[in-house]
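Single-structure report; data block below.
The values are calculated or read from the model by the stated rules, or taken from the named source; none is laboratory data. On a predicted model such as this, the values are computed, not experimentally measured, just so you know. No Cβ is skipped: glycine too gets one built from the backbone with ideal geometry, and neighbour counts run over all protein chains shown. To get the accessible areas, we keep the full protein, side chains included, count just its heavy atoms, and leave off ligands, DNA and RNA. Shrake-Rupley method; radii C 1.70, N 1.55, O 1.52, S 1.80 Å.
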Amino acid sequence: VSGQETIMSLLMRNTTVATRYGGGFVQSVDGTSGGSAGGQPVAWFFYVNGIQAPKGAAETNVHPGDHIWWDWHDWSQAESIPAVVGSYPEPFLNGIAGKRYPVRVECARVSEPACQIVTSRLREVGVPAAIAAFGSGAEPETLRVAVGQWDVIGGEPITHTIDAGPQTSGVYARFSPDGSTLTLLNGEGGIARTFTAGTGLIAATTSGTYAPVWVITGTDAAGVQRAAEDFNETALRNRFAAVIGPESEVLSAPAPGT
């Protein structure tokens, strides 16, 4: 597609769309409307290469290679879900707004297999990822992937927002204060399941003008290893975030239902 076409025009070429506010806001797609469902507010949101766009669809241009994802969901617990993992290998492959960013895998322990697995997965899809120790520094135009147990990587300002809940980070999962348990939340913010040892999480979030930070983490080394092994397109497709249980089951966060 041409970089001069907007996401709104692309959507309207491929679906039946109803808009509001002078054509800048999508109200319905193929008959599914925003408003209210089951007593909860719902609306259409869109993500470009796994990032919620800062502008409306009529103001955002499409660039070659962009992965565009429209999603209709309950926003009662999170008015914004700033970054999602379900467009992998984006944004690592084609970047943000047509610009490819450098990628840095930051590992709590560079020698651990999980660190090598994550780096190899990126390189296999054509992303020349660098490896560094965790905490090498936040940079607005660097895509960072933090790999390690939550009790090590969860204290940084951006990653720490996950513990504040979906209203802050957009991630529907939360670790206990010591990082030993992980609670999967549903779309209404309720507890769906709580996991202990051997549980992993793959999630992304961001703050302000910074590029997204991804976390490949877990309750312990086994959980981190499981998350690293599922750092791939098949496991992550169309998920906001993914919880990997002790039996290696991959679960969407938020969990469906109430």
Could you please let me know if Ala204 is of a type outside the set (Phe, Trp, Tyr) and in a helix (DSSP H, G or I)? no
Give the number of residues within region 95-124 that are under 18 Å from the mean Cα position of the chain (by Cα) and touching a residue at least 60 places away in the same chain (Cβ under 8 Å). 4
When restricted to Val62, Val48, the only residue in contact with a Leu (Cβ under 6 Å, 6 or more places away or on another chain) and either at pLDDT below 95 or closer than 30 Å to Val243 by Cβ (or both) is Val62
Within region 39-48, can one find any residue that is assigned to a helix (DSSP H, G or I) and either open to solvent by 50 Å² or more (accessible area, probe 1.4 Å) or farther than 25 Å from Gln77 by Cα (or both)? no
In region 160-176, residue nearest to the chain's Cα centre (by Cα) [restricted to those that are farther than 12 Å from Pro254 by Cβ and crowded, with 24+ Cβ neighbours inside 10 Å]: Ser169
May I ask you to list the residues in region 1-38 that are open to solvent by less than 50 Å² (accessible area, probe 1.4 Å), assigned to a loop (DSSP other than H, G, I, E, B) and more than 28 Å from Gly98 (Cβ to Cβ)? Gly34
Would you check if there is a residue in region 229-243 being touching a strand residue (DSSP E or B) at 6+ places or on another chain (Cβ under 6 Å), farther than 25 Å from Glu106 by Cβ and open to solvent by 10 Å² or more (accessible area, probe 1.4 Å)? no
Only one of Gly208, Gly198, Gly189, Gly223 is touching a Pro at 6+ places or on another chain (Cβ under 6 Å) and either of a type outside the set (A, V, I, L, M) or open to solvent by 50 Å² or more (accessible area, probe 1.4 Å) (or both). Can you tell me which? Gly198
In region 133-159, which residues are of a type in the set (Gly, Ala, Ser), closer than 28 Å to His73 by Cβ and surrounded by fewer than 22 Cβ atoms within 10 Å (Cβ to Cβ)? Gly154
Looking only at residues in region 84-116 that are of a type in the set (Val, Ile, Thr) and within 15 Å of Glu139 (Cβ to Cβ), which one is most open to solvent (accessible area, probe 1.4 Å)? Ile96
